[in-house]
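Novice: Sending over a structure as structure tokens; questions will come in a sec.
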């Protein structure tokens with residue numbers, strides 16, 4: 001088990017609750033919120049995750065000592081006794097010291113920092129005759145000392161410099177908004193959720209583009225620290241380089257996937273120099289192809305309102321009185337903003353940061369919340385306004401980018417020899433399988449499944465759309481090389497399949513953190529219809545980790561159809577009900593579908609309706625399947641045919657405890673068998689690759705392994721895609 005450490009994460013006023021939410025999303029559980037910071041326990045990799053992924057944190061500190069320091073001499077002795085040789089080299093090493101004091105005898109921060117620096121330098125000089133030098137910009141080791149009530153906490157600053165610095169600010173405008181403040185405002189405005197629902201975002205006073213860039217990074221799941229080439233741990237002697245390499249590669253894969261579902265984000269500014277600065281910063285962030293910036297006054301937005309989606313979020317940082325001069329001008333500015341929203345964008349919410357909350361009254365909009373934040377030294381409030389006429393976003397429109405004033409540069413990817421091999425394999429596979437799919441009335445099928453180790457992904461056709469899932473790359477493949485291969489593949493796939501790049505959806509499969517489950521990825525409701533064996537199904541390639549139709553179970557579903565006539569059919573862990581559709585189409589007497597998710601049960605009903613199979617004989621039950629089985633057994637409910645395809649693992653917040661298919665399959669199958677009539681049958685399936693069926697523990701049941709019989713032709717390369725058994729009651 002990796003070594004555990006204690007860490008302190010600092011954040012600005014008003015941002016601690018947001019920071020706590022971020023730590024939970026990163027899977028950190030052992031943390032305590034205090035005034036101005038959060039303390040947590042974890043591994044170095046956990047701390048690196050915070051450095052890479054926190055949008056609101058300022059610094060990540062790792063305390064390494066607590067010493068008494070009532071006098072400068074006591075501070076010096078305590079620091080010089082510490083083993084600094086474990087953290088940096090004397091020769092050619094560099095350091096910097098940050099010192100802060102609170103209600104202590106040593107009050108002067110510069111004097112305290114000098115004393116700490118002297119203690120470290122003198123220790124090295126005494127031991128080696130060499131001494132490290134001071135580098136205030138990017139030292140090998142940045143040390144943070146916080147003296148409180150004459151007790152000093154000495155920490156390694158793993159952030160190195162404030163985490164609000166994202167390294168995309170190529171050009172500045174007057175009084176630019178700090179990146180962590182922009183992110184905090186967007187998170188408080190629920191932009192993370194709204195963007196997943198396909199909402200758009202506009203900043204009509206964009207300045208240097210900070211809101212636009214942060215909005216895109218949140219919506220596209222881009223790590224805010226991705227562009228930084230320096231952190232406080234970069235040259236630290238105890239730096240875990242392999243862990244950092246893994247995290248960066250994972251972040252790059254998530255970025256590639258996220259950019260494929262980015263909604264419309266655009267901005268404008270009346271000052272051409274500001275618009276140009278915004279474009280420069282957006283390009284530096286690698287987002288020039290996704291964010292549009294116009295030289296446009298606030299009152300010019302109504303002229304283009306018809307081309308914008310019906311719902312979205314307007315976020316802006318209007319000039320403050322001290323910058324604009326005439327307060328009357330500010331009154332008119334806020335009034336104009338309110339008029340633009342009410343008359344031209346009535347379905348849009350609005351968030352405004354201001355140093356004078358009274359100005360918000362001039363918008364005439366309905367305020368529903370306000371939060372205090374500091375913009376540098378200026379105390380401010382963020383005002384959140386309801387949409388004048390709330391309405392549902394139209395995702396298809398929301399994701400359609402407006403025509404740019406200047407065409408963005410097309411991203412070029414150099415095709416390697418291995419890339420050409422990948423393209424050739426893809427061409428061969430599609431030629432081989434397309435004819436077979438047409439002959440069998442299939443509009444969705446797999447055309448590639450990690451055929452080449454360097455390109456570890458699965459590629460599925462869904463009509464004229466393509467679904468790409470990246471697997472974890474083999475251990476022998478360098479993580480950065482895997483990222484480059486992924487970029488290359490995403491460039492080649494549309495060319496080989498002769499489809500627009502927008503028709504290719506990329507998913508990155510990653511371990512779920514904490515209590516998170518893999519239901520919603522986006523929630524843009526971009527579903528469409530596909531055909532399989534003469535039946536029709538709704539699929540969604542972008543909103544969820546899975547598409548709504550498990551293609552490897554195609555033959556298993558056909559088997560259910562062939563056995564369902566006149567029978568009462570039960571579909572446990574029913575997901576989107578595709579097995580229920582097959583059973584109903586096979587003239588089942590009745591069907592019962594059980595799942596914990598309202599979303600999936602609604603989807604299942606829609607699939608049944610799509611095939612003209614709705615009716616009272618088809619029940620949809622929202623319940624924990626394990627609890628429902630117990631109750632159904634006691635009520636003596638009985639079925640002739642049961643399909644049992646449980647998740648491999650589940651710790652859903654809607655169920656108690658943790659379900660593990662290997663550990664729990666015996667009890668699950670046994671209790672399901674109690675619901676069978678005489679001569680009843682269970683078809684059991686699992687996708688766990690290392691699954692072992694405990695047949696000896698299933699008394700009174702006859703088992704037949706039919707795994708090989710249920711592997712479809714397009715999955716023949718992957719014989720472990722699932723395991724399947726016929727289980728008959730004897």
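Novice: Hey, residue 24 hits all of (1) touching a helix residue (DSSP H, G or I) at 6+ places or on another chain (Cβ under 7 Å); (2) part of a helix (DSSP H, G or I); (3) closer than 22 Å to residue 373 by Cβ but one; which does it fall short on?
Specialist: Of everything listed in (1) touching a helix residue (DSSP H, G or I) at 6+ places or on another chain (Cβ under 7 Å); (2) part of a helix (DSSP H, G or I); (3) closer than 22 Å to residue 373 by Cβ, residue 24 misses just condition (1).
Novice: Consider the stretch 435-479. How many of its residues are in a helix (DSSP H, G or I) and without any contact (Cβ under 8 Å) to a residue 12 or more places away in the chain?
Specialist: 3
Novice: From the list 631, 623, which residue is over 25 Å from residue 558 (Cα atoms), under 28 Å from the mean Cα position of the chain (by Cα) and at pLDDT 90 or above?
Specialist: 623
Novice: In the stretch 143-162, is there at least one residue being crowded, with 24+ Cβ neighbours inside 10 Å and out of contact with any strand residue (DSSP E or B) (no Cβ under 8 Å at 6 or more places or on another chain)?
Specialist: Among the residues of the stretch 143-162, not one is crowded, with 24+ Cβ neighbours inside 10 Å and out of contact with any strand residue (DSSP E or B) (no Cβ under 8 Å at 6 or more places or on another chain), which makes the answer no.
Novice: So, one more: Filter the stretch 78-92 down to residues that are assigned to a loop (DSSP other than H, G, I, E, B) and in contact (Cβ under 8 Å) with a residue 60 or more places away in the chain and give me whichever is nearest to residue 147 (Cα to Cα).
Specialist: 82
Novice: Only one of (1) within 23 Å of the chain's Cα centre (by Cα); (2) part of a strand (DSSP E or B) fails for residue 214. Which number is that?
Specialist: Every condition holds for residue 214 apart from (2).
Novice: Name the single residue that is modelled with the lowest pLDDT among those in the stretch 176-191 being more than 19 Å from the chain's Cα centre (by Cα) and not in a helix (DSSP H, G or I).
Specialist: The selected residue is 176.
Novice: Please state which one of 295, 276, 284 is in the same structural domain as residue 200 (by TED's automatic domain parsing), without any contact (Cβ under 8 Å) to a residue 40 or more places away in the chain, out of contact with any strand residue (DSSP E or B) (no Cβ under 6 Å at 6 or more places or on another chain) and more than 19 Å from residue 312 (Cβ to Cβ).
Specialist: 295
Novice: Before we move on, is residue 302 assigned by TED's automatic domain parsing to the domain that holds residue 358 and part of a loop (DSSP other than H, G, I, E, B)?
Specialist: no
Novice: Go through the residues of the stretch 196-208 one by one and say whether even a single one is assigned to a helix (DSSP H, G or I) and assigned by TED's automatic domain parsing to the domain that holds residue 337.
Specialist: yes
Novice: Which of the following residues is closer than 27 Å to residue 443 by Cα, at pLDDT below 95 and not assigned by TED's automatic domain parsing to the domain that holds residue 426: 654, 688?
Specialist: Just one listed residue meets the conditions, 688.
Novice: While we're here: Considering only residues that are crowded, with 22+ Cβ neighbours inside 10 Å and out of contact with any strand residue (DSSP E or B) (no Cβ under 8 Å at 6 or more places or on another chain), look in the stretch 32-52 and name the one that is nearest to residue 224 (Cα to Cα).
Specialist: Here the residue is 49.
Novice: Between 75, 26, which is surrounded by 15 or more Cβ atoms within 10 Å (Cβ to Cβ) and under 21 Å from residue 247 (Cβ atoms)?
Specialist: 26
Novice: Within the stretch 234-266, track down each residue that is in contact with a strand residue (DSSP E or B) (Cβ under 8 Å, 6 or more places away or on another chain) and within 24 Å of residue 156 (Cα to Cα).
Specialist: 235, 236
Novice: Identify the residue in the stretch 328-348 that is within 13 Å of residue 386 (Cβ to Cβ) and in contact with a helix residue (DSSP H, G or I) (Cβ under 8 Å, 6 or more places away or on another chain) and, among all such residues, is surrounded by the fewest Cβ atoms within 10 Å (Cβ to Cβ).
Specialist: If we take residues in the stretch 328-348 being within 13 Å of residue 386 (Cβ to Cβ) and in contact with a helix residue (DSSP H, G or I) (Cβ under 8 Å, 6 or more places away or on another chain), then 338 is surrounded by the fewest Cβ atoms within 10 Å (Cβ to Cβ).
Novice: Exactly one condition in (1) out of contact with any helix residue (DSSP H, G or I) (no Cβ under 6 Å at 6 or more places or on another chain); (2) surrounded by fewer than 19 Cβ atoms within 10 Å (Cβ to Cβ); (3) without any contact (Cβ under 8 Å) to a residue 40 or more places away in the chain is not met by residue 717; state its number.
Specialist: It fails just one condition, (3).
Novice: Which residues, taken from the stretch 98-133, are more than 16 Å from residue 152 (Cβ to Cβ), in contact with a strand residue (DSSP E or B) (Cβ under 7 Å, 6 or more places away or on another chain) and loosely packed, with under 13 Cβ neighbours inside 10 Å?
Specialist: Within the stretch 98-133, just 133 meets the criteria.
Novice: Only one residue in 482, 423 is modelled with pLDDT of 85 or more and assigned to a helix (DSSP H, G or I). Which one?
Specialist: Checking each option against the conditions leaves just 423.
Novice: Only one of (1) at pLDDT below 95; (2) farther than 25 Å from residue 730 by Cα is not met by residue 578, so which one is it?
Specialist: Just one mismatch for residue 578, condition (1).
Novice: Somewhere in the stretch 190-208, is a residue crowded, with 24+ Cβ neighbours inside 10 Å, without any contact (Cβ under 8 Å) to a residue 60 or more places away in the chain and in contact with a helix residue (DSSP H, G or I) (Cβ under 6 Å, 6 or more places away or on another chain)?
Specialist: Checked against the condition, which is being crowded, with 24+ Cβ neighbours inside 10 Å, without any contact (Cβ under 8 Å) to a residue 60 or more places away in the chain and in contact with a helix residue (DSSP H, G or I) (Cβ under 6 Å, 6 or more places away or on another chain), the stretch 190-208 yields no hits at all.
Novice: So which strands (runs of 3 or more DSSP E) are wholly in the stretch 516-633 and hold at least 2 residues that are farther than 28 Å from residue 197 by Cα?
Specialist: 568-572, 590-595, 618-622
Novice: Name the single residue, out of those in the stretch 69-96 being at pLDDT 95 or above and touching a helix residue (DSSP H, G or I) at 6+ places or on another chain (Cβ under 6 Å), that is nearest to residue 228 (Cα to Cα).
Specialist: Checking each candidate, the answer is 84.
Novice: Quick one: would you say residue 137 is in the same structural domain as residue 68 (by TED's automatic domain parsing) and either within 17 Å of residue 264 (Cβ to Cβ) or outside any loop (DSSP other than H, G, I, E, B) (or both)?
Specialist: no
The values are calculated or read from the model by the stated rules, or taken from the named source; none is laboratory data. Nothing here was measured: the structure is a model prediction, and the numbers come from that model. All Cβ positions, even for glycine, are placed from backbone atoms using ideal geometry, and neighbour counts span all protein chains on display.
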